[in-house]
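**Q** Pasting a structure below so you can have a look.
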Amino acid sequence: MTPGLDTQLADWRDKALKLENSVKQVIVGQDHAIRLMNLAIFARGHVLLEGGVGVGKTTLLQAITRAIGGAYERIEGTVDLMPNDLVYHTFLGPDGRPQIDEGPLLRAGENLSVFFFNEINRARPQVHALMLRVMAERSVHAFKREYKLPHMLVFADRNQVEKNETFEIPSAARDRFMMEIPIEIPEDRQLRKSLVFDTRFQHTDRLTAGVQADMLHFDQMNDFSDLLQNHIRSSEAIEDYVLDLWDATRDPARFGIHLDSVDVARLVQAGASPRGMGMLLKAARVHAWLQERDSLYPEDIHAVFHEIISHRLVFNPMYEMRRTVLARELSSAILRTVEVAAKA
């Protein structure tokens, strides 16, 4: 490793850890989620957020956006939302004439770094289709020109309580998201007491203002991510291990994987995709880098396996209502059962 590269990797690592620590000072009880979101940011992957109402997803995203720099935009999923609502909106001007203005996807231009789609499953499939295309291409055509969104990361959550007037994201669409990260109410009683009674947690803007601004250069992260991905190496044994894990998601029964509550031979209809396994490796490399290593270890794979693989598994429809629990049980069983070859 050249001295210049060594310094660059170390400097960015310091910034990444500083971001985590700064966000943890204002977002309590979400240390694991913050680490996972940091991994996704440096791997340049979009994220699904899993969690109920009022658990702090918006505040967390605003804090992270302040730290990485760039613009933050948000849209609410509703049953009457149309694809064009992401691109532009119409209104009556002071003269009473209709006017058109840029919508949330276009408003900040190339400075857009974080886009939050709240309750994405309330929006119709046509809206999903546009959003997924923009996520893949990081550009959108409007007003007879192409708008580039090279630095945009999309975070989306779903309404998981109500089923009326919701449109679940199909498996092929879920595959566009690198991770699904749980944002849960802290188990620690003292933390929960603070969230309810400490008044600083009731003022989002003041709270997120406590995060140091622009710690990362958001418009330099794509180039650094490419450098990082090319730097972290993998052994043949690790590569074989990842392929075995992939096969186990597709046919867990062949590996002798067992769940007490369900027959795994009937549970899984399709395993992780090639795209998903590629994203697994991208996030694992970031984890290795944060651990100050230049090669992959099994623990790097384990650190992100569930959050990257579980939402990609296609279950028999009869088990979909239990997806969250079963996916966690299955991913844990796969990691317990599939072993790394001795040559690792």
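The values are calculated or read from the model by the stated rules, or taken from the named source; none is laboratory data. Remember, predicted model here, so these are calculated numbers, not experimental data. Every residue, glycine among them, receives a Cβ derived from its backbone with ideal geometry; neighbour counts consider all protein chains shown. The area values use the complete protein model at the heavy-atom level, side chains included, leaving out ligands, DNA and RNA. Shrake-Rupley method; radii C 1.70, N 1.55, O 1.52, S 1.80 Å.
**Q** Pull up the DSSP beta bridges for the chain and report the antiparallel fraction as a percent, rounded to 5.
**A** So the antiparallel bridges amount to about 40 percent of the total.
**Q** May I ask you to list the residues of the stretch 315-344 whose amide nitrogen lies under 20 Å from a point 7 Å from Cα along the Cα→beta-carbon direction of SER235?
**A** 335-344
**Q** Can you work out the accessible area per residue across the chain, with the rest of the protein chains kept in place, probe 1.4 Å, in square angstrom? If you can, show how the numbers build up before the last one.
**A** Working: 16720 Å² over 344 residues.
Roughly 49 Å² per residue, with all protein chains present.
**Q** Mind scanning LYS15/LYS144; LYS148/LYS282; LYS144/LYS282; LYS18/LYS282 and naming the pairs with a C-alpha gap bigger than 31 Å?
**A** LYS15/LYS144; LYS144/LYS282
**Q** Explain nothing, just the number: dipole magnitude of the chain about its Cα centre with +1 on each Lys and Arg Cβ and -1 on each Asp and Glu Cβ, in debye rounded to the nearest 20.
**A** 360
**Q** Could you work out how far apart the two model spin labels at GLU168 and LEU227 are, taking each label as a point 7 Å from the Cα in the direction of the beta carbon, and quote it in nm?
**A** Inter-label distance under the simple model: 4.4 nm.
**Q** While we're looking at this one, here's another question. Search the structure for amide H atoms under 5 Å from the amide H of TYR88, placed 1.01 Å from N in the peptide plane, and list their residues when 5 or more places away or on another chain.
**A** GLY103
**Q** Now for a different question. Helix-only estimate, please: 222 nm mean residue ellipticity of the chain, summing -39500 (n - 2.57) across DSSP H runs of length 4 or more and dividing by its residues, to the nearest 500.
**A** -14000 deg cm²/dmol
**Q** A further question on this structure: Per the 1.4 Å probe, what fraction of the accessible area of the chain, in percent, lies on carbon and sulfur atoms?
**A** Numbers: 8080 of 16720 Å².
The nonpolar share, carbon plus sulfur, comes to 48 percent.
**Q** In addition: Under 13 Å from a point placed 7 Å out from the Cα of ALA253 along the Cα-to-Cβ direction: which residues of the stretch 312-344 have their backbone N that close?
**A** 316
**Q** What's the local net charge at ASP188, with K and R +1, D and E -1, over the other residues with C-beta under 15 Å away?
**A** Once positives and negatives cancel, what remains is 0.
**Q** So, one more: Just how far, in whole angstrom, is the stretch 211-235 from the stretch 27-97 if you go by their alpha carbon centroids?
**A** Between the Cα centres of the stretch 27-97 and the stretch 211-235 lies a distance of 21 Å.
**Q** If amide hydrogens are placed 1.01 Å from N in the peptide plane, which non-local residues have theirs closer than 5 Å to the one on SER295?
**A** Under 5 Å from the amide H of SER295: ARG233.
**Q** What residues qualify as long-range amide H neighbours of LEU153, i.e. H under 5 Å apart, gap of 5 or more or another chain, H built at 1.01 Å from N?
**A** VAL114, PHE115
**Q** By the scheme Lys and Arg +1, Asp and Glu -1, what is the net charge of all other residues having a beta-carbon under 14 Å from that of PRO104?
**A** -3
**Q** Counting only C-alpha contacts under 8 Å and six or more residues apart, can you give the relative contact order of the chain as a whole percent?
**A** 21
**Q** Right, here's the next one. Output the peptides 226-234, 47-55 sorted from most to least packed, where packing is the average of other Cβ atoms within 10 Å over each peptide's residues.
**A** So the order, starting with the most tightly packed, is 47-55, 226-234.
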